[in-house]
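What follows draws every value from the coordinates through simple rules; no lab data is involved. Just so it is clear, the structure is predicted and the values come from calculations on it, not from any experiment. Cβ placement follows ideal geometry from the backbone for every residue including glycine, while neighbour counts extend to all protein chains displayed.
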Amino acid sequence: MNNMVQEQLFTDLTSEEAAIVEGGAYRLTTIECLRATDGFGDADEPYINAGGRKVWSGSMQKGSTATINKTISGNRVTLYDADPWPNDDDLIGSGILSKKDRTELLGGSKGNPSYRLRYKIV
């Protein structure tokens, strides 16, 4: 294949399409609150950012599980807790999704995480 054809093949793909071709697409399935982190009441208002955009948000208390069912490209996720104005949203944790594991623990310490995110490789 000559260079012109190769160059055209790869420049016609968006970054999301390229991530899928490279095997970098993940289906976020569920999130479980292991312990709430919010100082403003009983529940957290967590949301997940991936690929520079919000892909899920909800309200969760300790022990609750929410269904996400969103496919993302790339393997980086960040979890925040939304706080009322004038307070800034709190970073709960971030992670890099693995092709081996199907669970990512976010926030807290290694032995005491705040959330469990489950996913599938697509």
- Peptides 54-64, 75-85 ordered by average Cβ neighbours within 10 Å, highest first: 75-85, 54-64
- Flagged links, alpha-carbon separation over 22 Å, of K70/K120; K54/K120; K70/K100; K62/K99: K62/K99
- Which whole-angstrom value gives the distance between the alpha carbon centres of region 41-78 and region 86-122? 9
- Note on the structure: The relative contact order of region 24-121, taking Cα pairs under 8 Å that sit 6 or more residues apart, comes to a percentage of 34
- Item | Unit Cα scatterers, Debye sum, region 24-121: log10 I(q)/I(0) for q = 0.22, 0.24 Å⁻¹ | -1.14, -1.34
- Query: Which of the peptides 98-104, 31-37 is most tightly packed, and how do the rest follow, going by the mean number of other Cβ atoms within 10 Å of each residue?
  - Reply: 31-37, 98-104
